[in-house]
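The values are calculated or read from the model by the stated rules, or taken from the named source; none is laboratory data. Predicted, not measured: the structure shown is a model, and the values here were computed from it. Heads up, the Cβs are rebuilt from the backbone with ideal geometry, glycines too, and the neighbour counts pull from every protein chain shown. Heads up: the accessible areas ignore ligands, DNA and RNA and are worked out on the full protein's heavy atoms, side chains in. Shrake-Rupley method; radii C 1.70, N 1.55, O 1.52, S 1.80 Å.
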Amino acid sequence: MRSTAPRAATPRRYLMCPPAHFKVTYSINPWMDPAKPVDIPLALAQWEDLRDRYLALGHTVEELEPRPGLPDMVFAANGATVVDGRVLGARFAHPERTAEAAIHAAWFREQGYADVLEPEHINEGEGDFAVTASWLLAGRGFRSSPLSHPEAQEFFGRPVIGLDLVDPRYYHLDTALCVLDDTTDGEIMYYPGAFSAGSREVLRRLFPDALIASEEDASALGLNAVSDGRHVLLPQAAVGLFEPLRARGYEPIGMDLGELLKGGGSVKCCTQELRG
Ligand code: ARG
């Protein structure tokens, strides 16, 4: 039987980048429609709400300075993957975002991180890498190269479990899967429809007790969520996830990041976790 006891939150350190220059001027995922205007003050207010919520929960938020001409920089999760204090930099699939990788790598160096790898193969950071207690779950199919998986395994010394994404709406792993408790290897939620048949079977084997999201909640980007082990911050429109999360002892917190959804991202995309 799964435990329903209240969960324990642990303090986290996050890296975020305010959407001061956010826009949708190009389209690199099916959510992006350059014809739809973006309300920057509203995007900033929604982003500040998320940041303030992390702070109120006792987490630390570092801020990366936004640059004009890099409208997707607000999606800070894509800039690197940090585990045990080691930083695997990103290499973006699309030229529109290429310059973000060096900005992240420079930030880590300035902060005194000694182990920063600028990778050979395309990986979009935590967009496609998710961290459980001992594994790295790794998406491929739309952005990160399959070759980035062995590269990450070698760098972190953690087994990488490759997962094939097949639905363009769920172009990054973090749009379809979320680790709820990273002190175990068992607690995730995901939307099976985003994955190939073989990857669905892998997920069933490794996570028999996972919370399975409906298509409706997945398409509200409900899986683009951040958990501190107890509080789960997720898009408020993913209403079907709230009760199942509570039943497992989590405390769901609905966020409105409607403006950023126009870029194809939500809570998780805006949040890079600095581990160790
Ligand atoms: N417009 C951005 C892109 O297509 C959104 C990135 C969302 N980030 C994420 N971690 N899923 O690259």
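Just give me the residues in the range 29-62 being in a helix (DSSP H, G or I) and either crowded, with 16+ Cβ neighbours inside 10 Å or under 19 Å from the mean Cα position of the chain (by Cα) (or both), in sequence order.
Answer for the range 29-62, where residues must be in a helix (DSSP H, G or I) and either crowded, with 16+ Cβ neighbours inside 10 Å or under 19 Å from the mean Cα position of the chain (by Cα) (or both): A43, L44, Q46, W47, E48, D49, L50, R51, D52, R53, Y54, L55.
Is there a residue in the range 66-76 that is in a helix (DSSP H, G or I), within 15 Å of the ligand (Cβ to nearest atom), of a type in the set (A, V, I, L, M) and out of contact with any strand residue (DSSP E or B) (no Cβ under 6 Å at 6 or more places or on another chain)? Spell out how you get there, then give the answer.
Residues of the range 66-76 that are in a helix (DSSP H, G or I), as a first pass: 71-74, 76.
Next, from what is left, pick out any that are within 15 Å of the ligand (Cβ to nearest atom): 71-74, 76.
Next, from what is left, pick out any that are of a type in the set (A, V, I, L, M): 73-74, 76.
Next cut, out of contact with any strand residue (DSSP E or B) (no Cβ under 6 Å at 6 or more places or on another chain) only: 73-74.
The answer is yes; a qualifying residue exists.
Take the conditions over 19 Å from A77 (Cα atoms), open to solvent by 10 Å² or more (accessible area, probe 1.4 Å), out of contact with any Ser or Thr (no Cβ under 7 Å at 6 or more places or on another chain) and not β-branched (V, I, T) and apply them to Y171. Does it pass? Here the answer is no, as Y171 does not meet what is asked.
I'm checking my understanding of the structure. Among residues of the range 28-50 that are within 11 Å of the ligand (Cβ to nearest atom) and not aliphatic (A, V, I, L, M), which one is nearest to G264 (Cα to Cα)? Walk me through how you get there before you give the answer.
Taking the range 28-50 and keeping what is within 11 Å of the ligand (Cβ to nearest atom), we get 28-32.
Restricting the remaining residues to those that are not aliphatic (A, V, I, L, M) gives 29-31.
Working: N29: 7, P30: 8, W31: 5 Å.
Restricting to residues being within 11 Å of the ligand (Cβ to nearest atom) and not aliphatic (A, V, I, L, M), the top hit is W31.
Of all residues in the range 63-96, those satisfying the criterion of being among the charged types (D, E, K, R) and either at pLDDT below 95 or open to solvent by 10 Å² or more (accessible area, probe 1.4 Å) (or both) are E63, E65, R67, D84, R86, R91, E96. Note on the range 82-114: residues that are away from the ligand (no atom under 16 Å from the Cβ) and either part of a helix (DSSP H, G or I) or farther than 21 Å from L137 by Cα (or both) amount to 11.
For the residues T25, T10, the requirement of being assigned to a loop (DSSP other than H, G, I, E, B), hydroxyl-bearing (S, T, Y), more than 15 Å from the ligand (Cβ to nearest atom) and touching a residue at least 40 places away in the same chain (Cβ under 8 Å) singles out T10.
Taking the range 197-253 as the range and being open to solvent by 30 Å² or more (accessible area, probe 1.4 Å) and among the small types (G, A, S) as the test, the residues that pass are A197, G198, S214, S219, A237, G240, A247.
Against the condition closer than 25 Å to E259 by Cα and either within 16 Å of the ligand (Cβ to nearest atom) or surrounded by fewer than 23 Cβ atoms within 10 Å (Cβ to Cβ) (or both), how does L177 come out, does it pass?
Numbers: closer than 25 Å to E259 by Cα: yes; either within 16 Å of the ligand (Cβ to nearest atom) or surrounded by fewer than 23 Cβ atoms within 10 Å (Cβ to Cβ) (or both): yes.
Yes; evaluated as a whole, the condition is true for this residue.
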